[in-house]
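The values are calculated or read from the model by the stated rules, or taken from the named source; none is laboratory data. Note that the structure is a prediction, hence the values are computed from the model and not measured. Cβ placement follows ideal geometry from the backbone for every residue including glycine, while neighbour counts extend to all protein chains displayed.
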Amino acid sequence: MAIPLKEQKILFAKSGNRCAFEGCRRILTAGASPPDGPVVLGEAAHIVAERFDGPRGNYPLPQDKRNQYDNLILLCNQHHQLVDFQPQTYTVEKLRAMKQTHEKWVEQALGLKDEKLVLLTPNVEDTVYSTLLCVERLPPYIYGVPCDVTAEKAVQALIRPRRNHEITPFIIRGGMLYAFQNMNASGNPFEELVPGRSAEQFQCQEWWDDPDKMRWFVQLLNRTLNKLTGRRGLMLDKEHHRYYFEPPQPNQGLTIQYRPLNQKKSTRNVVWQRRRRLTGEPRGYWYHRAVSLRFIKIGTSEWCLSIRPELRVTVDGFSTPPPSRIGPRVTRQKSHRFNYDLLVEVNFWRDYLSDGRPRINLSFGPQQLLIISTTLISSIVSWPGIPEEYAKPFKNVRYIDDLFSWGELSQLESAIDEDLEEELSLEDIEELAKEEGSD
């Protein structure tokens, strides 16, 4: 009497198309390519033989139960022959236990046991915030003038008072000095470097279509970031292209004030030493809050500033340990950051860099302005949402203009002259000289 097709289907389904012999789990179909089609390698083996003179056939099981699913075990042809030729080793009890263990494994692997219908929650509309700040205004022009001085001499010549809080990023490429300042205007910061020479004016958008000049343009913008972060007291990690806080002296922490997401004012450690939880004993390394900043072109004429929070690790606030000791600690810290934690970090940096104002305003002279909004670029999405335990509310995402911020912007746009002493460090000089020498 043949095994009913229904019982075979149940057996193959419950066994997951794999041999149930302990340690085998071989897939029991093969050769699915045409023209011959797949081959079934599995065999429905009887635990108690169908006939009384077969393997384990003398076991007390009614004849009408011997071709049902409960008395069948799915095996490959090799193990089917093995269990039938060694009935004393592979007893009824052992085969039943083998069948039960295998089918339980299939249930756990496929998640079939006690499967329940899961109702999806309706979508909700949420505001999703990015790590990008919109560039509201770029200087429209770049000026270039022939220059026969080195980058080091150029930096030294620029150590003097600036008008209207101007910053003076520049690059020297192919014997030409390029800057955002109008070097044809009287009293421009580069006047002493290129006396009596006429500067050529270039539209910034024209540079974006040329790969080399596009790279130069981004370098000028990044030099602007060096000036901005320098004014805010940050140091440049040249190896990893990020800015970080440095302590006043070795083995000393640093705390600053800022405006967090849900408060008017708070303090935050920006250089700190971790301590052991049980003993309170300080660990042998220090953490420094750091940030990677870069400008990204996101449209035909649209730009944004990317903020990527980072961590710097030192042994005393200044000296860095070997990379093998840094990686695991930084990775461990970052792995604990969820969406809200990342937003907290990004908010900290945009608040600190802007001094809590609606915009970061940078001037290169009359009408040559770089203005960056401090409102994070966001989008409305329809999605299932996030678990309630992670759905933390927050505010202070957008800074509102006041008389001071409006006044600052008006002064820049009106090009009111003011003097500002801008100190340049020896590191700045060495960096520019090194870059010029490599071109």
message: Being of a type in the set (Phe, Trp, Tyr), crowded, with 17+ Cβ neighbours inside 10 Å and modelled with pLDDT under 90 narrows it down to one residue among 190, 180; which is it?
response: 190
Per-region count, the range 105-146, residues in a loop (DSSP other than H, G, I, E, B) and modelled with pLDDT of 85 or more: 3
field: Residue among 202, 190, 295 that is in contact (Cβ under 8 Å) with a residue 12 or more places away in the chain, in contact with a helix residue (DSSP H, G or I) (Cβ under 7 Å, 6 or more places away or on another chain) and within 26 Å of residue 369 (Cα to Cα)
entry: 295
Residue 288, sole failed condition from (1) assigned to a strand (DSSP E or B); (2) at pLDDT below 90: (2)
Residue in the range 302-315 that is modelled with pLDDT under 90 and exposed (fewer than 13 other Cβ atoms within 10 Å of the Cβ) present: no
- request: Select, from 274, 215, 268, 231, the only residue that is over 30 Å from residue 392 (Cα atoms), of a type in the set (Lys, Arg) and under 26 Å from the mean Cα position of the chain (by Cα).
  value: 215
task: Scan 386, 380 and give me the residue that is in a loop (DSSP other than H, G, I, E, B) and either in contact with a strand residue (DSSP E or B) (Cβ under 6 Å, 6 or more places away or on another chain) or of a type in the set (A, V, I, L, M, F, W, C) (or both).
output: 386
message: Any residue in the range 244-262 that is without any contact (Cβ under 8 Å) to a residue 60 or more places away in the chain sitting within a Cβ distance under 7 Å of a residue that is among the hydrophobic types (A, V, I, L, M, F, W, C) and in a loop (DSSP other than H, G, I, E, B)? List the pairs, counting only those 6 or more apart or interchain.
response: 245/234; 254/245
message: When the residues of the range 232-243 are narrowed to those that are of a type outside the set (Asp, Glu) and in contact (Cβ under 8 Å) with a residue 60 or more places away in the chain, which ends up surrounded by the most Cβ atoms within 10 Å (Cβ to Cβ)?
response: 242
